[in-house]
Each structure stands twice: as C-alpha cells, then as structure tokens.
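J.: I have a structure I would like to understand better, so I am pasting it below and will then ask my questions one at a time.
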C-alpha cells in the first residue's frame, strides 16, 4: 500500500477537514491524498524548489515521504510553505529516523534519503538529522497544531539499530527460524525476531506498518 493511502486510514476527521479547497500534494506519485489534489512529482518538476505556482495559492499543502529526498530540507520546506495561503495548512509526513533508518545513515532501506528526521532531540546519531518541531516553528507565521509520532502497526521488537550482524551462525539461525515460522512449525519468539532483524534487517513500513512523524501547521499570518 502507498504511504498516503496508509496514512489516510488513520487521519482524524479534523485532519481530513484540513485537506479541502485547493490542495497541493508534493511527492504524490499515483497516490494523491485527495482525488482532486494538484499533484507535483517528478513528472511535474523539481520539488527542491517549486516555481510552478503563485505564492499563497493553495488552501492546503500536503507532502508524505518527500522531504527526506530534498538536498536542503530547510530551504525546500520554506518554499513549500510559501505556497500555503493565509489561514491555510501544511501537513508534512516524514520517516522517523529511529524507526526507519534505525541508527544508520545513509539509509539502510533507501539510498536516496538525504536527511533523517526526529520530532525533537538535543542530539542525534545521524549526521543529517532535523528536528521536525524546529523546522515547523521556523516557518514564518506558523502556528504548529501538532507534531506526533505515528507508529501504528510497528513492532519495536523487530527493529535493529546499527549495522547488521551478518556472522555465519547468526545467518543460519535466522534463516532456519524464518523457514520454521513460514511452515508454522514454531511459535513466534521475540528474541529470535530480534536476531532475524539484526541479521537481515526489516523495513516494516514496506508493509502496513507506519514509522513516521506527522506535523500539521497553520499559516496564521
């Protein structure tokens, strides 16, 4: 399932109400957040700096899992913010660095990620980490309505931070455990789940799980 479709399953009624009027979906691909959203993706141009629209021309700007691909997330986000009308909203969704990158940068699961994100940390393991709260507070005229972690369906026992342990005995044990689990021959074990993750790595967001930070910001003036 595409990321926006997964996210939309869990949006509150209040959040859905913000995605009305003229909506721009940056990085939508073929999965726009609303059926009538204006899509801006690779076919429409370079999202690092969007010049195709007049400033303040959208009631809502939505972007899911796109900012991490930008060369300068701060500059890109300010550019996207300029497209939001006064009284309009920005809804931003990015992967959480501890749940997605899991202690490694460049990203283990997506080599095109140029930054990692956290809600608010004094210090991060990532050399390219950005606090989403700080990014939002720095936007001119911003009223930050919410910045939250969405980890619905995410199994923390399956996460492994840091390099993978690819020793031959661990690989053999993980392969055997995975084979037995598929055949229903053994029950799930949290310890062996951690071994499987540490040996092979698991991108839980590739399935139905969410591993992301969501921010909603209103342009107050």
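The values are calculated or read from the model by the stated rules, or taken from the named source; none is laboratory data. Owing to the predicted nature of the structure, the values given are computational and were not obtained by experimental measurement. For neighbour counting, all protein chains shown are included, and Cβ atoms are generated from backbone atoms with ideal geometry for every residue, glycine included.
J.: Could you list all residues from region 136-149 that are more than 15 Å from residue 117 (Cα to Cα), exposed (fewer than 14 other Cβ atoms within 10 Å of the Cβ) and in contact with a strand residue (DSSP E or B) (Cβ under 6 Å, 6 or more places away or on another chain)?
T.: Correct list: 141, 146.
J.: If residue 10 passes every condition in (1) free of Cβ contacts under 8 Å to residues at least 60 places away in the same chain; (2) assigned to a loop (DSSP other than H, G, I, E, B); (3) closer than 25 Å to residue 211 by Cβ but one, which one does it miss?
T.: Exception for residue 10: condition (1).
J.: Now for a separate question. Of the residues 149, 145, which is over 18 Å from residue 65 (Cβ atoms), in contact (Cβ under 8 Å) with a residue 60 or more places away in the chain, in a strand (DSSP E or B) and in the same structural domain as residue 80 (by TED's automatic domain parsing)? Full working, then the answer.
T.: On the way: 149 fails: over 18 Å from residue 65 (Cβ atoms).
Exactly one of 149, 145 is over 18 Å from residue 65 (Cβ atoms), in contact (Cβ under 8 Å) with a residue 60 or more places away in the chain, in a strand (DSSP E or B) and in the same structural domain as residue 80 (by TED's automatic domain parsing), namely 145.
J.: Determine whether residue 33 is in a strand (DSSP E or B), in contact with a strand residue (DSSP E or B) (Cβ under 7 Å, 6 or more places away or on another chain), within 24 Å of residue 130 (Cβ to Cβ) and touching a residue at least 12 places away in the same chain (Cβ under 8 Å).
T.: Judged against the criteria, residue 33 is not a match.
J.: Now, a different point. Filter region 64-82 for residues that are surrounded by 21 or more Cβ atoms within 10 Å (Cβ to Cβ) and over 14 Å from the mean Cα position of the chain (by Cα) and give the result.
T.: Residues satisfying the conditions are 76, 77, 80, 81.
J.: It is to be established whether one or more residues within region 121-135 are assigned to a strand (DSSP E or B), assigned by TED's automatic domain parsing to the domain that holds residue 84, free of Cβ contacts under 8 Å to residues at least 40 places away in the same chain and crowded, with 16+ Cβ neighbours inside 10 Å.
T.: Yes: one or more hits.
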